[in-house]
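Accompanying notes for the structure given below.
What follows draws every value from the coordinates through simple rules; no lab data is involved. Note that the coordinates shown come from a computational prediction; the quantities given were computed from them, not determined experimentally. Using ideal geometry, Cβ is built from the backbone for each residue, glycine included, and neighbour counts are taken over all protein chains shown.
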Amino acid sequence: MMDQYYVPLDRAAPEYATFVVRVSGEARDWLAVCRDAVQSVDPQVAVFNVNTLEQRFNDMLATPRFRTTVFLFFGGFALLLAIAGIYGMSSYSVALRRREIGVRIAIGATAQRVRGMMLRQALAPIVLGMAAGAGGAFWEGRLLSHLLTSAPPVDLKACAASALLLALVAIAATWMATGRVVDLKPADVLKSE
């Protein structure tokens, strides 16, 4: 419990005073009653900023909540851009190797074997990108903790979930892109080049 003491107002009159009232029921219903009680003692006293504790907390947290919403929006947008970029690059890298895939299928490789080879070759940049992203997130988190004392440590679960999502997008993009190529006839692929 916090220590409290009382000083008569005629000895040390403050510029303003704050009154906190605990009520039973809905606090908003008591605001007018509390304001009238203060003014009944001295009608010359200006009573202002009468609010509930919940409303005061909401007012204090409005800016941090807005910033959080903005950061979440931009983070989500960056994630969507990363997904679109990874999908596009994976599809493009498979499209560049259309002729090679056609030749492999023409000499007897099965579609599943070609798709598996393409996935294995795509995994190296995926793993490298995941490692670089995790290292960057860790470094950025350390830097942020030095700049802001209240910054939380890096959330490893969120980093792992993002890396896994991006890896799954790259794998799915490679799988779908190779599916379009291996379904073509090898002669058609070789003629188009």
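Put a dot 7 Å past the Cα of ASP36, heading toward its Cβ, do the same for SER24, and the two dots end up 2.0 nm apart.
Normalising the Debye intensity of the stretch 1-132 to I(0), with uniform scatterers on Cα atoms only, and taking log10 at q = 0.11, 0.13, 0.23 Å⁻¹ returns -0.68, -0.82, -1.36.
For the chain, a Gaussian network of Cα nodes joined below 10 Å ranks SER91, SER24, SER162 by mean-square fluctuation, and the top entry is SER24.
When the chain is treated as a Gaussian network with alpha carbon springs shorter than 10 Å, the biggest mean-square fluctuation among MET176, MET60, MET89 belongs to MET60.
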